[in-house]
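Read through the structure below, which is laid out as structure tokens, and then see the notes.
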Amino acid sequence: MKFYSTNNKTNLVSFKEAVLNGIANDGGLFMPVEIPKLPQAFFSSLDKLSFKEISFIASRQIFGQDLKDEILSEIINSTITFDAPLVKLNNELNILELFHGPTLAFKDFGARFMANVMAYLNKDSDREIKILVATSGDTGSAVANGFYKVKGINVVLLYPSQKVSKIQEQQLTTLGENISALEVKGTFDDCQRLVKQAFLDKDLLNHCNLSSANSINIARLLPQSFYYFYAYSQIKDKSLPLIISVPSGNFGNLTAGLIAMEMGLPVHKFIAATNANDVFPKYLETSVFQAKPSVKTLSNAMDVGNPSNFVRILDLYNHDHNLIKQKIFSTSFSDSETIEAMKEIKTKYNYIIDPHGAVGYLAMKKYLSENYYNQFNGVILETAHPAKFADIVEDVLDTKIEVPERLQTCLTKKKSSIEISKDYIDFKNFILSN
Ligand SMILES: *Cc1c(COP(=O)(O)O)cnc(C)c1O
């Protein structure tokens, strides 16, 4: 399969180049030239397939020409090592728990798949790969975990100083080995800008073999479509309209869902749930996309003022604003609404949700209040385990949350980070000297 740049459809690269370069040389993001539909037989046999089997079949659609079945199967086997259960709140609303991976966030799926793919693609090379990751919290730890101790690959994480939770910071800064954590005196957008600039810096590219691992990497994005199929497989009455709410920041998760829909998943409506960082709902409303500096909220992994995957959504629907509005509903919610939703979900359903999932719940409710359905299947993606945001959740719900053991171990380790300014030159110097 070839991949084109969202800036120029005739700028084509191979699968290997798309994965190892991360971003196109014209600054665009890669998209597959074709999104093949899955056969009807796949959908009618879904109930009988395991999560691994579903992931294998779905991934072969896009990666099948480039990865032999046995390689792909190995990659899936080492990626999908934990479940994504659909938990019922009531007859209509379900939570898709995507936090059962090692770092307790949905990003584990994409990060592990990508790490396995890159290690495979680079196995015969003697040149080390440096992976640059700007993170607002969860990306970095998921990626770092995926690549931890992988030979020939070094990971450089950039995170905004004092803008990630204590637990997130511990996860980012305590791995060591082939993982370095840069603490940037700026915002997440600064971190993202530094990484983008590095990829356009010819001088730097001559000196080292850079790659990215943000949701812009196609090998991270596409595997995030697997669990949409798996969620659907877990639904009893598949004839009812399927409505999926996705807590969104950089819109990678949502884009993967849209791709699953293009592959044939019968989604009635996607909901892009956002916090105060509301450039996407504003775009749907006005047809004007206006990037803004990010603002800090309780759902901090969604604090993105210029969502990188927006260009992919435009591309997927040929920049047709009306078409995008037809497929996606979007609204934004404040922190105080998020807090009320967390309480409501605990009281009404005895379910503890994290702030990101709570925004997803609010957006689902809002959509349903404006659109009446007699019956439907509602799926809200729960993107992180509440223990990752224990300080907020415990305070809001006045209850103690048990920290899963896989998280407990990193909390006691010593933080090791390197402070840098938000000036590009500092970042460049770090990369060149390490
Ligand atoms: C990254 C993240 C999001 C946002 O996902 P995008 O793919 O960037 O839209 C939402 N919730 C949590 C917990 C995250 O870590």
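Okay, here's what the table says:
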read-out: Selection status of A256, of a type in the set (G, A, S), within 14 Å of the ligand (Cβ to nearest atom) and within 14 Å of the chain's Cα centre (by Cα); value: yes
read-out: Residues of region 125-140 classified as within 16 Å of the ligand (Cβ to nearest atom) and at pLDDT 85 or above, total; value: 4
read-out: Candidates L46, L86, L104, filtered to the one that is open to solvent by less than 10 Å² (accessible area, probe 1.4 Å) and over 29 Å from V150 (Cα atoms); value: L46
read-out: Count of residues meeting criterion [without any contact (Cβ under 8 Å) to a residue 60 or more places away in the chain and touching a helix residue (DSSP H, G or I) at 6+ places or on another chain (Cβ under 7 Å)] in region 338-351; value: 5
read-out: Residue within region 64-83 that is in contact with a strand residue (DSSP E or B) (Cβ under 6 Å, 6 or more places away or on another chain) and more than 16 Å from Y232 (Cα to Cα) present; value: no
read-out: Hits in region 94-108 - residues which are of a type in the set (A, V, I, L, M, F, W, C) and either farther than 18 Å from F251 by Cα or within 10 Å of the ligand (Cβ to nearest atom) (or both); value: I95, L98, F99, L104, A105, F106
read-out: Looking only at region 132-154, and only at residues there that are under 18 Å from the mean Cα position of the chain (by Cα) and among the aliphatic types (A, V, I, L, M), the one that is farthest from Q197 (Cα to Cα); value: A142
read-out: Odd one out for I313, checked against (1) out of contact with any strand residue (DSSP E or B) (no Cβ under 7 Å at 6 or more places or on another chain); (2) more than 13 Å from the ligand (Cβ to nearest atom); value: (2)
read-out: Strands (runs of 3 or more DSSP E) (entirely within region 166-255) containing at least 3 residues that are at pLDDT 95 or above; value: 179-184, 242-247
read-out: Single residue of region 409-430 satisfying the filter (in a loop (DSSP other than H, G, I, E, B) and within 17 Å of L157 (Cβ to Cβ)) that is most open to solvent (accessible area, probe 1.4 Å); value: K414
read-out: Matching option when the condition is without any contact (Cβ under 8 Å) to a residue 24 or more places away in the chain and either charged (D, E, K, R) or within 16 Å of the ligand (Cβ to nearest atom) (or both), among D335, D423, D391, D354; value: D423
read-out: Hits in region 279-300 (condition: away from the ligand (no atom under 11 Å from the Cβ), assigned to a helix (DSSP H, G or I), touching a Phe, Trp or Tyr at 6+ places or on another chain (Cβ under 8 Å) and within 30 Å of I167 (Cβ to Cβ)); value: V279
read-out: All positions within region 20-42 that are surrounded by 15 or more Cβ atoms within 10 Å (Cβ to Cβ) and touching a strand residue (DSSP E or B) at 6+ places or on another chain (Cβ under 8 Å); value: L20, N21, G22, I23, A24, N25, G28, L29, F30, M31, P32
read-out: Region 307-325 residues that are touching a residue at least 24 places away in the same chain (Cβ under 8 Å), paired with ones that are surrounded by fewer than 20 Cβ atoms within 10 Å (Cβ to Cβ) and of a type outside the set (V, I, T) (beta carbon under 6 Å, 6 or more apart); value: H321/S287; I324/Y317; K325/L284
read-out: Single residue of V143, V155, V117, V150 found to be of a type in the set (A, V, I, L, M), within 16 Å of the ligand (Cβ to nearest atom) and touching a residue at least 24 places away in the same chain (Cβ under 8 Å); value: V143
read-out: Every residue from region 289-325 that is at pLDDT 95 or above and basic (K, R); value: K292, R312, K325
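Residue-wise test of (1) away from the ligand (no atom under 16 Å from the Cβ); (2) more than 30 Å from Q375 (Cβ to Cβ); (3) buried (at least 18 other Cβ atoms within 10 Å of the Cβ); (4) among the charged types (D, E, K, R).
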site: L175; (1), (2), (3), (4): yes, yes, yes, no
site: L182; (1), (2), (3), (4): yes, yes, yes, no
site: C191; (1), (2), (3), (4): no, yes, yes, no
site: V195; (1), (2), (3), (4): no, yes, yes, no
site: C208; (1), (2), (3), (4): yes, yes, no, no
site: F229; (1), (2), (3), (4): yes, no, yes, no
site: I271; (1), (2), (3), (4): no, no, yes, no
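The values are calculated or read from the model by the stated rules, or taken from the named source; none is laboratory data. A quick note: this is a predicted structure, and the numbers were derived from the prediction, not measured. All Cβ positions, glycine included, derive from the backbone under ideal geometry; neighbour counts span all protein chains shown. The area values use the complete protein model at the heavy-atom level, side chains included, leaving out ligands, DNA and RNA. Shrake-Rupley method; radii C 1.70, N 1.55, O 1.52, S 1.80 Å.
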